[in-house]
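Remarks on the structure that follows.
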Amino acid sequence: MALSLDPAPGGRRQAFFVAVRMARRDIRRHKGRSLLIILLIMLPLAGMAGAAALVQSTQETAAERVQYQLGATQARFRPMPMANGVMVQDPVEELQITTNNWDTNPDFTPADPQDAIPAGYDVLTESTLDLTAESGAADVRVVGRAVDALSPAFAGKYTLLDGRAPGTDAEMLVSPGLLERFGLGLGEELATSAGMFVAVGTLRDAGYSDSNSIVYLKPGQGSVGAPEQPASAGPVPTARAIKATMYYLVGSEPVTWSQVLEANAVGVTVLSRSVVLDPPPPDQRGPEGAGTTSSASLPFAAYAAGALLGALALLEVGLLAGAAFAVGAKGQVRELALLAATGAESPTIRSVVMAAGLWLGGIGVAAGAAVGLAAAAGVVIVARLYGSVRFPGFHPDALLTVLVMGYAACLLAALAPARQVARQAVLGALKSGRSPA
């Protein structure tokens, strides 16, 4: 019977299992060295995972946008700076304009947003007021909002933080930053260009940081069109105090993309809940051959910078972990030489060091991702707690990419010392037969 030299079935799998067991035993035998390798892998990966999560958390999702901008309303109508009637807005970022004709049409006059509102909706208004407030002997400019902020339709957009809702026309809501700037407390009066009002509650606008100085009045309160003036009110401001007005639609029917295009044709931009959550396909978004604004190139630049920083971080992982793997592999030369003397081939010897990379790299990457995500989540939670709008939410969307790239860097870092020690082990095994006792 002829001797068969064909590889045994499942031999490579068995050799890999042997390498994994040997790597695990070596890791347990040298705990200090193994912990060092894990830390060298974990720290760069933690920074990269945390940075990636924070960058992604600055990007507002569609659900967050409709919640923070619309509350429970269906759409928001506002004037759009247009030069003609062929400009079309972006479905999500309604102030970004797409068109194939940037020429100004002298005969085009944008319509009033309230004239473009379709029938069948209740309408809530939000006006921006040009207000000043007295601070000692000086008049300080503050942001004014004329809006029924505590209406159920604005749930998610406005939140009452402290105090209560205004009960009379002499009371108002303010932002926490205004109380801090003017040194006021709830129940104290503030003289503004719209009258004298008592701050009875603090309000958070999901679209603005709490540090802003904002006065929240109800539509008509202390301004033109108010049915009655508060007893302590000052002079009523003129219509110039109202800088701009936006209209929010309340109803059960969604505002469709075709209605948005009709509003764009008369110079009105629309933020629609249904359109943001389910944008139209690209071929229906604008005129054929339309060109976009230059702001579309900003995300690409940000992604390119992030990719460069990520590549540098992975290079650092490879250099640090590679040096640590080389130290560990050097201590295994005698053990691997004995393995080679029993007939193990170079791929089997390499797999022992690579298996150490699998174990230590997996632990380091998992620990680094956990530490980085925990730190990023803490930053987002604290920022949101203090009223910052820098982070709309916590979005670890790039976690899988970071894990895969980090793990690949660990395996590449272990590959070079694995190949080198495999050659040394085989050479040592061949020389051992001629060595003196």
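The values are calculated or read from the model by the stated rules, or taken from the named source; none is laboratory data. Bear in mind the structure is a predicted one, so any value in this text is a computation, not a measurement. Neighbour counts are summed over all protein chains in view; Cβ atoms, including those assigned to glycine, are modelled from backbone coordinates with ideal geometry. These accessible areas exclude ligands, DNA and RNA; they are computed on the full protein's heavy atoms, side chains included. Shrake-Rupley method; radii C 1.70, N 1.55, O 1.52, S 1.80 Å.
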Could you give the length gained by full extension between Arg390 and Ser211, i.e. 0.36 nm per residue of separation minus their alpha carbon distance, to one decimal place? 63.2 nm
Per the rule of 0.36 nm per residue minus the C-alpha distance, extending Asp278 to Thr128 adds in nm 51.0 nm
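So between Thr256 and Val18, what do we pick up on full extension, going 0.36 nm a residue minus the alpha carbon distance? Working shown, then result.
Values: separation 238, 0.36 × 238 = 85.68 nm, distance 6.29 nm.
Result: 79.4 nm gained on full extension.
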Give me the percent of the accessible area of segment 154-218 that comes from carbon and sulfur atoms, probe 1.4 Å, all protein chains in place. 48
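What FRET efficiency would be calculated for the residue pair Val404, Glu189, taking the C-beta separation as r and a Förster radius of 60 Å, to the nearest 0.05? All intermediate terms of the calculation are to be shown ahead of the outcome.
Values: r = 60 Å, r/R0 = 1.00.
Computed FRET efficiency for Val404 and Glu189 comes out at 0.50.
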